Amino acid sequence: MSDKPKLKVTLVTGRTIEQGVGKERGKFSKEYMESVSVCYMDLEDLKKLGIKEKTNVLVSTDYGSVVVKVLKSLRTPHLGIIFIPYGPWANVVVDPETHDIGMPSLKGISAEVEPAQNGHILTLKELLREQYGKE
């Protein structure tokens, strides 16, 4: 059993201005990666995990796990809710099923967050290779 603290949360995904700006620079740009390989979390939840902002965390759901950098949410309070911007890192942890509407459910997903100080945030190429076996 792991001695690292874990926190059960609800995952919400969506668009951000930073994500849109990063996408305009190109999906392989540093700006894009830094805008979408993050997880926004309430400051009180950061304290519960015993971590500080900009720590790497592992976000896990029934659909997958991904390491992202945690940032303090600018929109608080929202204990128990995390936000990951739309992008390849969020895609790893959301249900790929579209229920015949062409869009997966991107909100209200049960998740667990734990510190991953030694965890590596994959580049887009690494993520694509790991998830789909291609770049």
Inside segment 1-36, the number of residues satisfying the requirement of being in contact with a strand residue (DSSP E or B) (Cβ under 6 Å, 6 or more places away or on another chain), over 17 Å from Lys48 (Cα atoms) and of a type outside the set (A, V, I, L, M, F, W, C) is 3
For segment 24-33 the number of residues that are at pLDDT below 80 and either farther than 18 Å from Glu126 by Cβ or under 16 Å from the mean Cα position of the chain (by Cα) (or both) is 1
Margin query: surrounded by 15 or more Cβ atoms within 10 Å (Cβ to Cβ) and basic (Lys, Arg): is that true of Lys23 in this structure?
Written below: yes
Condition check for Pro5: surrounded by fewer than 16 Cβ atoms within 10 Å (Cβ to Cβ), on the phi < 0 side of the Ramachandran plot and touching a Gly at 6+ places or on another chain (Cβ under 7 Å)
yes
Filtering segment 107-124 for residues that are in a strand (DSSP E or B) and either at pLDDT 85 or above or charged (D, E, K, R) (or both) leaves a count of 8
Expected output for segment 24-36 (first residue within 21 Å of Asn56 (Cβ to Cβ) and among the aromatic types (Phe, Trp, Tyr), partner at pLDDT 85 or above and part of a helix (DSSP H, G or I), Cβ below 7 Å, 6+ apart or cross-chain) is Phe28/Leu124
Taking segment 50-73 and keeping only residues that are on the phi > 0 side of the Ramachandran plot and in contact with a helix residue (DSSP H, G or I) (Cβ under 8 Å, 6 or more places away or on another chain), one is left with Gly64
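The values are calculated or read from the model by the stated rules, or taken from the named source; none is laboratory data. Keep in mind that what you see is a predicted model, and the values were worked out from it rather than measured. Cβ: placed from backbone, ideal geometry, glycine included. Neighbour counts: every protein chain shown.
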